[in-house]
1. Measure up K214/K240; K124/K179; K145/K241; K61/K219; K104/K219 against 29 Å on the Cα-Cα distance and list the ones that go over.
2. Going by how many other Cβ atoms sit within 10 Å of their own, how do H134, H150 line up, fewest first?
3. By the gyration tensor of its Cα atoms, with a ≥ b ≥ c the square roots of the eigenvalues, what is the shape of the range 1-106: rounded for a/c under 1.5, prolate for a/b over b/c, or oblate?
4. Can you list the DSSP H helices in the chain whose Cα atoms extend at least 30 Å along the helix axis and whose mean Kyte-Doolittle hydropathy is -1.0 or higher?
5. What does the helix-only formula give at 222 nm for the chain: each DSSP H stretch with n ≥ 4 adding -39500 (n - 2.57), the total divided by the residues, and the result rounded to the nearest 500 deg cm²/dmol?
6. Using only C-alpha positions, report the orientation-averaged shadow area of the convex hull of the range 130-195, nm², one decimal.
7. Along the positive direction of the dipole of the chain (beta-carbon charges: Lys, Arg +1; Asp, Glu -1; about the Cα centre), which of Q2, W123, L180 reaches farthest?
8. About the Cα centre, and with charges only on the beta carbon of Lys, Arg (+1) and Asp, Glu (-1), how big is the dipole of the chain? Nearest 20 debye, please.
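What follows draws every value from the coordinates through simple rules; no lab data is involved. A quick note: this is a predicted structure, and the numbers were derived from the prediction, not measured. Cβ atoms come from the backbone with ideal geometry, glycine included; neighbour counts cover every protein chain shown.
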Amino acid sequence: MQIKSWAQFDREIRFCGRKLLGQLDNFHNTILVAGCQRSGTTAVSRLITRSDGMVNFQFGKDDELDAALILSGSVSHQPQGRYCFQTTYLNNSYSEYFEHCDYKLIWVLRNPSSVIYSMLNNWKTGALNRLFRHCGSDLLEGREKWRYEHFGVFSISRLRRACLSYNAKMSQIFTLREKLDEDRLIVIEYEKLISNKDVMLPRIYQFIDLPYRKEYSEKLHAGSFNKASRFHEKHEDLLKKVCMPIYEKACTLLSI
């Protein structure tokens, strides 16, 4: 039976202990795009996939889910060239990156105000809950941890779930930077990319060994670039306290 949702993917693939990147070595010189969800990874991966010399593998409504099904071996796919896969879905399985070597990874950072605004306003509750269970819940301590263990995910506010999930995903970049060489991992900042496309995109394409065309910058749109300005003041204060320290630390790892 074909897997058509992330909930089904978790039940039938992730929780059964199957390797999420099990088929990655079958794809030569692959480009992977990751970071925290709602950080612009979809825009970056789609831009690269639609570039000259790349294979568009999408067969369903969600290209990241399609990538997950291909890389886990849940659907049969014969490699036909070079691929770009979005792999934000790895979550707490991100150590699988270290089991492979024939790829280049683009890690996208984005400020917490924009990311968490999008999580709360443009994302289904189920998606946030899955990310929280996979990553954010590991950061719970004390009474919060007790409430979660006894009463479940809804004992933690949506904002708190989003903040902890953001921090958990952001923390992964420190281990990745420590273990992956400079020629395998590039760290970029989404707002900086959008505002300085003509400078940053050529450098990204140079990193992934792909010819760059100026018209590519026209395909990368700002979209909801100013989400951060719409956050309620009390939420913004919480983000500054909880999420900004790890974001600022992660920004010290920027490659461009």
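1. Pairs exceeding the cut-off: K214/K240; K124/K179.
2. H150, H134
3. Verdict is rounded for the range 1-106.
4. The qualifying helices are 158-179.
5. For the chain, the value works out to -12500 deg cm²/dmol.
6. 6.1 nm²
7. Looking along the dipole axis, the top candidate is W123.
8. Dipole size: approximately 840 debye.
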